[in-house]
Amino acid sequence: MVKPEWLDVDPTLVVERDAGLYQAYFNAFDRVVGQLLANEEGGGMTGALAALADVTRASVVSLYLNTPDRTRHARLMAVWRDQDCRIAANTPEHLRVIDYRSYALMADTLTVGMVLNKSLLELPLAEQMWLAQLGARRLLCIPLLDRGEMFGFLCFLDEDERRERSREELHLLSMLGNHVAQALVRLRTEDALLANQQRLRALVGATEDMVFELMPDATIGQVWSSHPALPAPEALAGKILFDVFPAAMAGDLDRALTMALSTRRTQQCNCTVPGMTGPVHLLLRLQPVTVGEARVVVLAHDVTALMRESAQRKAMADTLNLLEEAVVDLSPSGDLLHTSPAWARLRGLDSRLLPAELGKSLHTWIFPDDSARVAVALQKLADSADVTHIRFRLVQTCGDLLWVEARLIAQRDHAGVLQGLRGVLRDVTVAHMNEQHITQLALYDGLTRLPNRLLLDEQLHQAIERARRDNTKVALGFLDLDHFKQINDAFGHRTGDQLLCGVAKQLKEALREQDTLARWGGDEFVVLIPDLPDTGHLKEITERIRNTARQGMALEGLEARPTISAGFAVFPDNATSGEELLSAADHTMYHAKHAGRNNVCFYGDILHLKSIGREHVAIQARLSDAIRHGALQTFYQPIVSASTGQVYAVEALARWKDGNGWISPELFIPMAEKVGLIQELSSVVAEQAFAQLRAWRDNGLTQKLMLNVSRTQLFTPQFVSSLIERLNTHRLRPEDVIIEITESVALTDYARQVKHLRQLMASGFQLAIDDFGTGYSSLSQLHDMPASVIKVDVSFAQRLDTDAGRRVMQAIVQLAQGLQLKVIVEGVESLEVSHFLRDLGVDFLQGFHFSEPVPAGVAELWMRLGLANKA
């Protein structure tokens, strides 16, 4: 141990009474610093404090080091205590960290490197309280400095406040504190160096690359990491290259080593070595070390996978060159960046001219009429979609048009930002022409080229959907040529066909562009007039139709003036569905013929057609037979999660089709209630729905079933028990079913209903209040009602195009949320309404926008795939 300069004192200058003091501190120096540097599992620190206590005769000696914020707090790191003293044996937890901001005298004194030596009563109140809690009467603090900055202190506590230390002893303690500080700084530096070395080893060890040191004589030095295809590190260190590596690799390394040392520049070479599963390709990078002893660091990087991928890419490129389909890469804006040779075949150009096509927008070669559709498809990809299919016409260099089908996918980065598009384009010209021909045969009348019944039905459905959405009207008219049979008999069928084609042409000229004229069959036509703001426009159109028929035409050298009998009906004034509208218009047309022909009649003007009459009586009789003989069908309408688009439940709905076609449920459901058939009808629906739900459960589907319950059923004494018994028959649970009752039913005889509803809830069923908002329930009733779901009536969704309607919907949702009720909104018929309700906090959505009521097979498809694209 080297004697410190501060103890190198001329003995003649030291008075006899201080000689022992200096000698004691000299001895303490050896012990304190030696213990600190030993640092054996923290015991060195305590031993150093014990040595300090021995020389200072302090009752307690402790070491405080500043926390990482360096100036605000100090933490107790070690303590030594005389067993005979009365100072607290264990420092309380709240005193183990000193907040310098609370002890101003201590902070100010130690920060400037001065010694703090005070008795209890000489200290400020804060320091007094701190010392008193420890049970000490005198405090001595020696600052620990590193380059003039205090990083901690030594604390000496005494029981006797009269314990004084001479100026010489304080000076010696201060100097000894400096050496303690130097020893602590050295320890911290060594610990940091060791940690850095460990981090370096961990970093190198974590890489898949092999890293080792190579000396000028081709001897391997340190090896930091290994590679499975090369010898282990312990087998390499100290060995010559040619003794441990394959000859080819060793030769390449030796030549690169010579070049790296002579040029002092990084060298690189490649080699191949045997591996467990085949050849391993290595990229060797030699980096010369320019400081200290000459040597290089070698990094051996495995490029086997990269070379394999490169070979696969080349094979893929060769394969693409053989394909008839063109593979293209597009920029986010649709510019052509890269393409396979098949693009030249699509465009009809020499493959040598392909480079001149790159950089141009795809729209450069798209037929103008199709460009807008393609732009919309590309924008959807840019916004959110991942894949799109689109068919358009591509202009060839010779000017010919080619029908092309494109499948494009979006390429996004990790943040979801579009980086480009990749797609496959194929020539579908022949297939497109065949499809057009098939469509013409399937959807158009072969004689008049007018739409047939199938196409009319589709267009009628679309027109009614728009009318519901836009609050407009749809008119439909049946037109019948009067006395057409006489013309056929007199002039023959060929002339009759000419008459039909001539009338069809004249009628089309009388209609608007958006109207549809279809041939129903024989001498009957149907006129579809959509998007009417009111019925006033209908009068104008029908008048043009009558005038057109009066114009006449030449047949077999004679002028023919056929007359027309027409009957018109209007949605929603006279019908609530397409089927009802067709039926109403058909009846009206027959009324026009029976009234003397050459007439145009309107359903609303014929009172007897609107009464129940014999037709309804016949329907009632057929309904009873249909229920008894199982002719009713159960359809299912999805109820979709507003946030995910997944199907949460399906509502079971009765549908009836007899020999005369589909009967509207808005007709036969109220009829069943009036004549007392509703319980039998509901029983059939429940039995079919439970059997189907069991099949879905067996196939792994977990969606719930919503079942409508009438007032009559609800008041039946054994309703709940019989319902549970039926569920048990199908191995189902009440938790699988949501019972729907209308708000008006729930409010009828409220006290009695609540009892039944609570019985259902206690059995495990969920309860939903249907047609919510139409029954004027009070808040207290709604709060007491044991329901968990409300279904907002469709009329509220229809008024969301007004500010008042949106405010009412918002109030309903907030009310339900306040009562912790889930909300289903019925009548959702557009994406905009779906998004508005989702943002409003609605839980579930139901309506024709997602799906009309469909058979079980279609419903199962929606349940599996979801309807996220419509949410």
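The values are calculated or read from the model by the stated rules, or taken from the named source; none is laboratory data. Quantities reported herein were computed from a predicted structural model and do not represent experimental measurements. Don't worry about glycine lacking a Cβ; one is built from the backbone with ideal geometry, like all the others, and counts go over all protein chains shown.
So the values come out like this:
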read-out	value
Extreme residue, modelled with the highest pLDDT, among residues of segment 436-475 that are out of contact with any strand residue (DSSP E or B) (no Cβ under 8 Å at 6 or more places or on another chain), surrounded by 14 or more Cβ atoms within 10 Å (Cβ to Cβ) and of a type in the set (Asp, Glu)	Glu465
Failed item in (1) surrounded by 12 or more Cβ atoms within 10 Å (Cβ to Cβ); (2) out of contact with any His (no Cβ under 8 Å at 6 or more places or on another chain), with Asp329 passing the rest	(2)
Inter-residue pairs, beta-carbon under 9 Å, first hydroxyl-bearing (Ser, Thr, Tyr) and in segment 723-752, second buried (at least 19 other Cβ atoms within 10 Å of the Cβ) and modelled with pLDDT of 95 or more, 6+ apart	Thr729/Phe690
Some residue of segment 815-822 being basic (Lys, Arg), in the same structural domain as Ile769 (by TED's automatic domain parsing) and part of a helix (DSSP H, G or I)	no
Selection count, segment 264-281, where residues are under 8 Å from Ala229 (Cβ atoms) and surrounded by 11 or more Cβ atoms within 10 Å (Cβ to Cβ)	3
Contacts under 6 angstrom Cβ, first residue in segment 511-524 being farther than 12 Å from Leu456 by Cβ, partner part of a loop (DSSP other than H, G, I, E, B) and among the hydrophobic types (A, V, I, L, M, F, W, C), 6 or more apart	none
Which listed residue is within 20 Å of Ser624 (Cβ to Cβ), modelled with pLDDT of 90 or more and surrounded by 20 or more Cβ atoms within 10 Å (Cβ to Cβ), from Ala672, Ala686	Ala686
Search result, residues across segment 476-494 that are more than 59 Å from the chain's Cα centre (by Cα) and modelled with pLDDT of 85 or more	Arg494
Members of segment 591-617 found to be part of a helix (DSSP H, G or I) and at pLDDT 65 or above, listed by number	His591, Ala592, Lys593, His594, Tyr603, Gly604, Asp605
Segment 343-395, residues that are outside any helix (DSSP H, G or I), of a type in the set (D, E, K, R) and modelled with pLDDT under 90	Asp350, Asp386
Residues of segment 381-407 that turn out to be of a type in the set (Val, Ile, Thr) and in contact (Cβ under 8 Å) with a residue 40 or more places away in the chain, as a count	2
Criterion (of a type in the set (A, V, I, L, M) and over 20 Å from Ser59 (Cβ atoms)) met by exactly one of Ala136, Ala88, Ala104	Ala104
Among the residues listed as Leu154, Leu116, Leu110, Leu131, the single one being without any contact (Cβ under 8 Å) to a residue 60 or more places away in the chain, under 24 Å from Tyr22 (Cβ atoms) and surrounded by 20 or more Cβ atoms within 10 Å (Cβ to Cβ)	Leu116
Among the residues listed as Asp243, Asp217, Asp209, the single one being of a type in the set (D, E, K, R), closer than 19 Å to Gly275 by Cα and modelled with pLDDT of 85 or more	Asp243
Any chance Leu330 is modelled with pLDDT under 90 and aliphatic (A, V, I, L, M)	no
